[in-house]
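Everything on this sheet refers to the single structure shown next.
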Amino acid sequence: MITWMQRHKKWLIITIWISTIAFVGAGFVGWGQYSYGDKAGAVAKVGNIEVTQGQLQKTYSNLYGQYSKMFQGNFDEEKAKSFGLQSQALNQLTQQALILNLADSLNLEINDKELLTEIKTQKYFFENGVFNKGIYKQVLSRNNLSIKEYEEDVRRELLIRKTLKLLPVEANKNELKIIDTIGNIADKINYKLLTNKDIKIDTSDEKLKAFWENMKNNFMTDISYDIKYIKQKTLTKEFNSNEINNYYTNNKTHFKDADGKIL
């Protein structure tokens, strides 16, 4: 497993950083109403690690929240489908499962002391700047999370962090900057209102000549033509009855009706 991850470490850098985004807190946010049915049911199995319906729903909700933040609230289920949010959530959990398989092969685990230390640093459960066990239970209860379920998620996240520390993969400043840009991408527009006072045009002969040299092919005269012609008076000729009769007699075979009879 280590050999495989080292061989693919170039693309794993981004995947690993994405995988370590905290998914536990997603349970506290009502983003996305995607339903996966029974939370305990498995939707996939990667090695020895099962991906449950509940994990998929939390990861989906977390991604939904991130996109909603990027789109400044202009994000709904229709857009989530067009972005393939379900597939993104499953892919993210698959990457996490690969890391957890590695942890299992190395017999890594998170003890109760490590778990308690992590939970006591989470500000969701603070009162007057200090961890409060009562608030801890209340927050989980309000979000339909059992203490066991929540602590399993925290253990999972901590185990991923511990495993990643064993991998000789370090992200450089440019890679971290890319990740930060992806997470905070937004449309930003800088504009300045210009007035006539701000527009200054140099009309000196030197500038005009340089402009004309580059654009002279656009300043061609319109094509024109000279036409010469001779005006001829209308030709007319008159014929008398005898001339017409003679012409008919000599050419009457040319004057036939549709049946071939001479007119």
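No value in this document is a laboratory result; all are computed from the given coordinates. Since the structure is predicted, the reported quantities are computational estimates derived from the model, not experimental observations. Please note: Cβ atoms are built from the backbone with ideal geometry, for glycine as well, and neighbour counts cover all protein chains shown.
The table below lists the values:
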| quantity | calculated |
| --- | --- |
| Cut-off under 5 Å, modelled amide H: who pairs with Val43 long-range | Val51, Thr52, Gln53 |
| Ranked by how many other beta carbons lie within 10 Å on average, peptides 97-105, 132-140, 206-214 from highest | 97-105, 132-140, 206-214 |
| ³J(HN,Hα), Karplus 6.51/-1.76/1.60, whole Hz, each residue of the range 227-241, x for Gly, Pro | 10, 10, 8, 10, 8, 10, 5, 5, 8, 10, 8, 10, 10, 8, 5 |
| Pairwise centroid distance, computed over Cα atoms, of the range 100-123 with the range 60-99, Å | 25 |
| Theoretical FRET efficiency, 1/(1+(r/R0)^6), r = Cβ-Cβ of Leu106 and Ser141, R0 45 Å, to 0.05 | 0.80 |
| Cross-link pairs beyond the 28 Å C-alpha cut-off, checked among Lys137/Lys173; Lys123/Lys188; Lys45/Lys81; Lys120/Lys162; Lys81/Lys165; Lys81/Lys120 | Lys137/Lys173; Lys123/Lys188; Lys81/Lys165; Lys81/Lys120 |
| Modelled FRET efficiency - R0 45 Å, Leu193 with Glu213, Cβ distances, 0.05 increments | 0.85 |
| Packing-based ranking, highest mean first, of 195-203, 59-67, 148-156, 244-252 given that Cβ atoms within 10 Å are counted | 59-67, 148-156, 244-252, 195-203 |
